[in-house]
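The structure appears below as structure tokens.
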Amino acid sequence: MKNSAPENPGAHSRRTFLKSLGTVAATAATAQVKTVAAELEKANAEKIIGPDAVPVTLNVNGEKIKLLLEPRVTLLDALRNYSSLTGAKEGCDRATCGACTVLFDDAPIYACQKLAIEAQGHAITTVEGLAKDGKLNKVQLAFIEKDALQCGYCTPGFVMSITALLKKNFHPTADEVKHACAGNLCRCGCHPHILQAALKAAGVEHASKTEVVTYA
Amino acid sequence: MKAFQYATAHSTSSARELVGEKGAYLAGGNDLLGLLKEYLVSPETLVNIKSLPGLNKIERGEKFWTIGALVTVAQIENNAEIKKVFPGLHEAATEIASQQIRNVATVGGNLAQHSRCWYFRHRDVKCLKKNGDLCYARNSENRYHSLFTGNDCISPVVSSLATIFTALDATAIILRDGNELRWSMAELYADAWSQRLAHNSLQPGDLILRVEIPLARSRSVFLQASEKHAFDWALVSCAAAAEIENGKLKSPRVALGSISNVPHQVAAANEFLNGKVLDDAIATQAAAMILQGAKPLEFNGYKVPLAETLIRRALLKLKGDA
Ligand SMILES: Cc1cc2nc3c(=O)[nH]c(=O)nc-3n(C[C@H](O)[C@H](O)[C@H](O)COP(=O)(O)OP(=O)(O)OC[C@H]3O[C@@H](n4cnc5c(N)ncnc54)[C@H](O)[C@@H]3O)c2cc1C
Ligand code: SF4
Ligand code: FES
Ligand code: FES
């Protein structure tokens, strides 16, 4: 059964496709039906699509969002302008300010410098996805308590960077917080309070409220 | 940005086929999306190479380590073994851009990134590097530009990885038309030295597969001086690597970034340092050799003493004195 699976037309077209490309995957011929199906999926994925809009499915905050997007649409654009998720902000649109920071499988990235089409298959978390059962997460709460914002435009980005840091480093030092937040800029100059908030959320708060956190 | 077609490649041969002569490979996208947004490049097809198998691994070997082209800068930063075996590489990775960028930026993309000259990056300026007939930087705002150049473009190479890979004598393996080429860092950037239009020696369709780093130098350091404390490009970067046996330098290499359109290395200085017991006088002499022939422009003269200091500091740190 294993080896005598009839070649279906799909597998054939896969082979022809690969042949036209040159070397690879002679092994596909003897592969199990299941593998052939997986290979087929890959073959389809190797097709050129666009430049017109194509279906794109994003997994944002645990929900599937189906969109029709041109390949050139950035993840930030897809969130803000095609999905009404305006939590991630657009500041520079050039990977220099951090306002658009979202989590990409738990790692903070700039949504402005990633194409939506390549975010498929990854878990995206925006600031809208942090609260659970109507309760803000500890970073958000610490931002309120430490008055870590003025206009608030940079806040979602900082909150995402710090949330990501605290997922892998439970008790960061002030220097580690600064390293993690170096890619986020606050135009209002709230950095000292933001640092306090991060440390508070991590439970490594400085003893005195008036203690000055120095920047090296 | 202009509209483009898009494809995901699952093998290097299909990647080559899909990219054709007018496409571009998409890795982390940090550089490419910036270029696209300013209309500096308009590829017909973007070929996502992040699904190519086997290229996202750091592999230990007896004689050398292999770093796949899709390994991210964050992977290098977070690798405890790299920190021990190639401390300079770890230092370079840690200082590149921001966490958000390091999480997606790849080794291949970092090496192949384009010029950061602000005239080049401006969509309305058509300078020499864009086939225009004037270098705007030469007689104008050139504070971030080169002290050395092999042509009339003075835009420096800025890849931090290129600087440390040069000091570590790493080899880049390039796939060209089905054949693997083995290039030193000098070869990877040779065309940027000789041709104003080039950022490196890659031709359309050339794919960086991996970088091999020999285990010949157990000591390595990377230092950079920037205007900002963090998340900033280097004004000058300096990497040094060597073995120290009986207090003497063995196979030392010093390389500088952001002062030439190639990673700047002077063979005579490496030879001079070989077998020497390092002290400040030797380090100062080496720095003078490395910077000999520098041609400062109106606003980048500060780079000469800055580079000299970084070379001395890097060498003394290599020895363990600083
Ligand atoms: C604000 C800011 C600060 C920065 N600071 C630094 C710094 O201090 N030091 C530093 O080194 N960098 C710095 N960078 C640059 C950043 O590190 C690079 O943009 C990034 O490493 C590029 O990698 P990528 O994978 O995102 O490349 P991409 O943008 O995907 O690709 C870049 C180019 O390389 C080509 N390419 C990609 N992979 C391959 C491959 N395998 N083979 C052949 N060609 C390929 C692409 O076609 C494209 O032309 C900074 C960037 C920004 C925006
Ligand atoms: S330095 Fe090079 S890239 Fe910059 S303006 Fe001159 S020619 Fe153009
Ligand atoms: S909007 Fe993405 S970094 Fe500024
Ligand atoms: S609070 Fe205004 S930019 Fe940070």
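The values are calculated or read from the model by the stated rules, or taken from the named source; none is laboratory data. Note that the structure is a prediction, hence the values are computed from the model and not measured. All Cβ positions, even for glycine, are placed from backbone atoms using ideal geometry, and neighbour counts span all protein chains on display. Remember, those area values only see protein heavy atoms, side chains included, never the ligands or the DNA or RNA. Shrake-Rupley method; radii C 1.70, N 1.55, O 1.52, S 1.80 Å.
In this Cβ point-charge picture (+1 for Lys and Arg, -1 for Asp and Glu), region A:51-129 has a dipole of about 80 debye about its Cα centre. For B:K126, a cut-off of 13 angstrom between C-alpha atoms picks up these aspartates and glutamates, skipping any fewer than 8 places away in its own chain: B:E38. Taking the charge dipole of region A:130-207 about its Cα centre, with +1 at Lys and Arg Cβ atoms and -1 at Asp and Glu Cβ atoms, the residue from A:L165, A:P192, A:C151 reaching farthest to the positive side is A:L165.
Separation of region A:162-188 from region B:267-308 is 37 Å, based on Cα centroids. The share of C-alpha pairs in the protein assembly as shown whose separation exceeds 47 Å stands at 14 percent. Note on B:K22: aspartates and glutamates with a C-alpha under 15 Å away, same-chain residues under 8 apart excluded, are B:E44, B:D206. Here the Karplus relation 6.51 cos²θ - 1.76 cosθ + 1.60, evaluated at θ = phi - 60°, turns the backbone of region B:36-49 into coupling constants of 5, 5, 8, 6, 7, 9, 9, x, 5, 9, 9, 10, 5, 9 Hz, with x for every Gly and Pro.
A:T173 contributes about 70 Å² of solvent-accessible surface, heavy atoms of the protein only, 1.4 Å probe.
At 37 °C and 0.692 mPa s, what whole-number value in µm²/s does Stokes-Einstein give for the translational diffusion of chain B, with Rh from the Kirkwood sum over Cα pairs?
Numbers: Rh = 20.0 Å.
Reported coefficient: 165 µm²/s.
A Gaussian network model of chain B, with springs between Cα atoms under 10 Å, assigns the largest mean-square fluctuation among B:S194, B:S226, B:S115 to B:S226.
For region B:1-53, with equal point scatterers placed on the C-alpha atoms only and solvent neglected, what are the log10 I(q)/I(0) values from the Debye formula at q = 0.23 1/Å, to two decimals? Log10 of I(q)/I(0), two decimals: -0.80.
What accessible area per residue comes out for the protein assembly as shown, rounded to a whole number of Å², with a 1.4 Å probe?
On the way: 24480 Å² over 538 residues.
Heavy-atom accessible area per residue stands at 46 Å².
Bridging of A:K89 to lysines at a Cα separation below 17 Å is possible for A:K114, once same-chain residues fewer than 8 apart are set aside. Along region B:114-125 the Karplus relation, 6.51 cos²θ - 1.76 cosθ + 1.60 evaluated at θ = phi - 60°, assigns HN-Hα couplings of 8, 3, 9, 3, 5, 6, 4, 6, 7, 5, 8, 9 Hz to successive residues, with x for each Gly and Pro. Grab every C-alpha pair in region A:130-207, bin the distances at 10 angstrom width from 0 up to the longest one, and report whole percents. Going from the shortest bin to the longest, the percentages are 21, 59, 20, 0. For the chain pair B and A, the buried solvent-accessible surface (1.4 Å probe, both sides summed) amounts to about 3200 Å².
Per-residue Karplus couplings for region A:176-181, computed as 6.51 cos²θ - 1.76 cosθ + 1.60 with θ equal to phi - 60°, are listed in order as 5, 5, 4, 4, 5, 9 Hz, Gly and Pro entered as x. Find how many whole Å separate the alpha carbon centroid of region B:195-227 from the alpha carbon centroid of region B:138-171. Region B:138-171 and region B:195-227 have Cα centres spaced 11 Å from each other.
Between region B:74-111 and region A:86-149, the alpha-carbon centres lie 23 Å apart.
Less than 5 angstrom separates the built amide H of B:I208 from those of B:L175, all sequence-distant by 5 or more or on a different chain. For region B:1-53, a simple Cβ point-charge model (Lys and Arg +1, Asp and Glu -1, everything else neutral) yields a dipole of about 80 debye relative to the Cα centre. Among the protein heavy atoms of the protein assembly as shown, carbon and sulfur supply 52% of the accessible surface, probe 1.4 Å, non-protein parts ignored. Compute the helix-to-body angle for B:303-319: its Cα long axis versus the longest principal axis of chain B, expressed 0 to 90° and rounded to tens. Between helix and principal axis, roughly 70 degrees. Once C-alpha pairs closer than 8 Å and six or more residues apart are averaged by separation and normalised to the residue number of region B:1-53, the relative contact order reads 57 percent.
Residue pairs exceeding 26 angstrom between C-alpha atoms, taken from B:K57/B:K83; B:K250/B:K295; A:K167/B:K63; B:K50/B:K130: B:K250/B:K295; A:K167/B:K63; B:K50/B:K130.
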